[in-house]
Amino acid sequence: MDNKAFDCYNCKNSLYGQKYTVREDNPYCVKCFESIFANKCEGCKNPIECDSKDLCYKDSHFHEACFKCVKCSCSLVEKPFAAKDELLLCIDCYSNEHSAKCFNCKANIMPGSRKIEYNGGSWHETCFVCQGCQQPLGSKSFVPKHSSLYCITCYENDFAQHCAACKKAITKDGISYQEQPYHSECFLCTECKKKLAGDKFTSKDEAPYCMDCFSNLFAQKCTACAKPISGQGGGQYISFEDCHWHSDCFACSKCKASLVGQRFFSQENQIFCSECGQDM
């Protein structure tokens, strides 16, 4: 073989009897190879020699002896580790320095383990449980109460009011009437079953009624128009003996002149002004 084939591709020194390595089919002496191609160790900042292991993490390279925890200096070779601000830490050091603590058991939540975060706190997945039945909440619906969490069933059984109408738990949109709780959709007019929440209503014998039903069922009827006289909202009416009139209906039965504040005559539930009454 030609002697030239055993010269270093870079410095041209003979490689006979010397250690060398090959890069892209070209031979290099160890010194040239390390100065040109060797990665610099992130730990000791020296080149990683040809005969040394080059341990790589992301874009950083390490001697095997330099691949260690920056906190306790234990070796990280073939061990789980974590990174913080580009610094490598063993799992124990990372947990002590940076891991969140479980709101329930107060222990560190180890890197790589599943955790649940809620309202600024962190839990082990197995510690995020209902305070009542102790079953894991996972992705289930829950209700917070006095710094504890409850599944819907336990919350309803232990804390929720129950609707006086349907007897089911009230978790939202409740209304109180006669010191009894109701779902908004269960608080209805006794007569027509119209929803009363948010509307005006009145009561009779402690039963709630919408204004229309109360007027139709219980209000006095106008002698003239036969429509209910509710007296609600500032409505005015006039009574005489056993008869009642809306103010607008209190008029002479013959000439229709208003009799509000005027003298009148009455005959068989009809009323007349003084002039019409004289003609009778």
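Values in this text are rule-based calculations from the coordinates and carry no lab data. All values derive from a computational prediction rather than experimental measurement. Positions of Cβ are generated from backbone atoms using ideal geometry, with glycine treated the same way; all protein chains shown enter the neighbour counts.
For region 10-165, a Kirkwood hydrodynamic radius built from all Cα pairs, placed in the Stokes-Einstein relation at 20 °C and 1.002 mPa s, yields a translational diffusion coefficient of 105 µm²/s. Among the listed options [x] 2.48; [y] 1.09; [z] 1.05, the one matching Cα Rg over 2.2 N^0.38 Å as calculated from these coordinates is [x]. Comparing Thr223, Thr153, Thr126 in a Gaussian network model of the chain (Cα springs below 10 Å), the most mobile by mean-square fluctuation is Thr223. As a calculated quantity, the FRET efficiency between Thr126 and Ser147 at R0 = 22 Å, using C-beta atoms, amounts to about 0.70.
Each listed q (0.23, 0.26 Å⁻¹) maps to a log10 I(q)/I(0) for region 232-280 from the Debye sum over equal C-alpha point scatterers, namely -0.80, -0.98.
Residues considered: Ala257, Ala207, Ala82. Largest GNM mean-square fluctuation over the chain, using C-alpha springs under 10 Å, is found at Ala257. Ordering His146, His61 by the number of other Cβ atoms within 10 Å of each residue's own Cβ, fewest first, gives His146, His61. Placing +1 on each Lys and Arg Cβ and -1 on each Asp and Glu Cβ, with no other charges, gives region 232-280 a dipole about its Cα centre of roughly 160 debye.
For a straight C-alpha distance cut-off of 19 angstrom, the aspartates and glutamates reachable from Lys172 (same-chain residues fewer than eight places away being disregarded) are Glu156, Asp158, Glu185, Asp199.
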